[in-house]
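The values are calculated or read from the model by the stated rules, or taken from the named source; none is laboratory data. None of the values given here were measured: they were computed from a predicted structure. Every residue, glycine as well, gets a Cβ built from its backbone with ideal geometry; the counts of neighbours run over all protein chains shown. For the accessible areas, the whole protein counts, side chains as well, though only heavy atoms, and no ligand, DNA or RNA atoms are used. Shrake-Rupley method; radii C 1.70, N 1.55, O 1.52, S 1.80 Å.
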Amino acid sequence: PGNAGPGAALQAFSLFVQAREVSEGARWRCCRQAFEELAGIQRHVSMHHGAELRALGPAERRPAGSPGGGHGPGPGPGPEVCGALPDTSHIGHDQLTSKVGEVLLYYCYCEVKDPEKLCAWQKALCQHLHLTGKVRVASEGINGTVGGSKVATSLYIEVMLSQPLFKNILCQEDFKSSAGGAHCFPDLRVGVFKEIVPMGIDPKIVSYKETGIHLSPQEFHREVEQYLSQASQGQSDTILLDCRNFYESKIGQFQGCLAPDIRKFSYFPSYVDENLELFKDKRVLMYCTGGIRCERGSAYLRSKAVCREVYQLKGGIHKYLEEFPDGFYRGKLFVFDDRYAICSNEDIISACRYCGALWDQYKLCSSQHCRQLVLTCPSCCNKGLTACCPVCQEKELKVTSRASGKALKEECECTRKRPRVPIERVSQRRLDTGK
């Protein structure tokens, strides 16, 4: 492909084909189609996967001076993407596809010259290693959550760390892991976006380069300890800010935090704008799941020039719980996959939506038109109370009876009653005590 020689083109084609599984009867499958003859495979790949093949072309074979050639940074920001895939010929298929595995969570902010090429390589890499999950690529970096066997995730980390684009930026400890596997996600989704975390603000206007001060889990733990001690005496000038969504903080949060009642991170900038007085002259300690939302969130807060200082938890709650499983974070940690939550302690801080019993296991609302999560205990589920609210429960029957199969826009009591951007109306006394 491209300017590469026939040997490079053949290698790229071979790697691409190997990344797809061969089904029973020696049929090669791709894009929900089955192919038996090499000619058909070549025609399909050239017509529909040219960009991915170009991404797999070995950068080191390009002559220096050509676009992306040589070992220098080349024109524009950042080094060229290396499209190499790891050799898995010595690894058994069962090892790569084992259901006993883990889920990796990571991000890397860096300048990406060719997001489309990085996207194509990521897709080919994940397919090659039988990983599922979600990967967002943008000119500002990469954000991924992938699941697979431990052999596959270990290889994935190794390849990511050897990628020239992430050299001296991404390191081993930037990968947060938890028990899981490929089964934690319905499929693999890799795409190019404007932001690697959707805050809704152009990265050129509010850059990750203007972020707050990073605190290690140990430093953050000491800060929270001091904050809680001072707050109990009504002397604190600090806000412990959870910048996640309400359904995340509902099942787990740091003691004494301020958890905004927002549905999406893209509402966070408006929340800050509407509550600027709240942050005036305050020290702000921010945290989120893995640290990525704090990168842009702290930058936005700093851009308002109202806070005295802005700090953020490096590695997020994920890294904090690795070192302090019984620390100041109580309850479950919400995750964006089919597990919904992972735990480090036995605390339950949330309740069933219907009966009020302690409960923190999320399920999707049973109404077809709604994608909200609901906390409903086994007892209430047995009574048929499986929707997020009475309006959805009623609509579920109507939608089912129509059986249109058409996806409807979410519209229910839950969203209608919740302000898009809440205004914090708390007394100074209450704010200072951290309650």
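Brief remarks on what is shown
- Net length available on complete extension from Asp202 to Arg330 is 42.7 nm, with 0.36 nm assigned per residue and the Cα-Cα distance removed.
- Summary of packing: across the peptides 366-377, 311-322, 225-236, the per-residue average of other C-beta atoms within 10 Å ranks them, highest first, as 311-322, 366-377, 225-236.
- Separation of the stretch 106-157 and the stretch 356-380, taken as the distance between their Cα centroids, equals 32 angstrom.
- Rounded to the nearest 20, the Cβ-based charge dipole of the stretch 84-159 about its Cα centre (Lys and Arg +1, Asp and Glu -1) stands at 200 debye.
- Gyration tensor verdict on the stretch 110-193 (Cα atoms; rounded if a/c is under 1.5, prolate if a/b is larger than b/c, oblate otherwise): oblate
- Phi angles of the stretch 134-147 translate, via the Karplus equation with coefficients 6.51, -1.76, 1.60 and θ = phi - 60°, into HN-Hα couplings of 9, 10, 10, 10, 8, 5, 9, x, 9, 9, x, 9, 10, x Hz per residue; Gly and Pro are given as x.
- Karplus-derived 3J(HN,Hα), 6.51/-1.76/1.60, for each residue of the stretch 266-280, Hz, glycine and proline x: 5, 8, 4, x, 5, 4, 4, 4, 7, 10, 4, 4, 4, 9, 4
- Using C-alpha pairs below 8 Å separated by at least 6 residues, the relative contact order for the stretch 95-192 is 45 percent.
- Amide H to amide H distances under 5 Å link Val190 with Val135, where only residues 5 or more positions off or on other chains count and H is placed in the peptide plane.
- Solvent-accessible area, 1.4 Å probe, carbon plus sulfur percent, for the stretch 116-240: 49 percent
- Solvent exposure of the stretch 95-192 amounts to 37 Å² per residue of accessible area, where only protein heavy atoms count and the probe is 1.4 Å.
- For Ala341, distant residues with modelled amide H under 5 Å away: Val335
- Simple rule: put +1 on each Lys or Arg Cβ and -1 on each Asp or Glu Cβ in the stretch 95-192, find the dipole, and look at Val159, Thr132, Cys171; the Cα lying farthest toward the positive end is Thr132.
- Proximity of backbone amide H atoms, modeled 1.01 Å from N, is registered between Gly101 and Gly180 at under 5 Å, excluding neighbours fewer than 5 places apart on the same chain.
- With protein chains left intact and a 1.4 Å probe, residues in the stretch 213-343 average 36 Å² of accessible area per residue.
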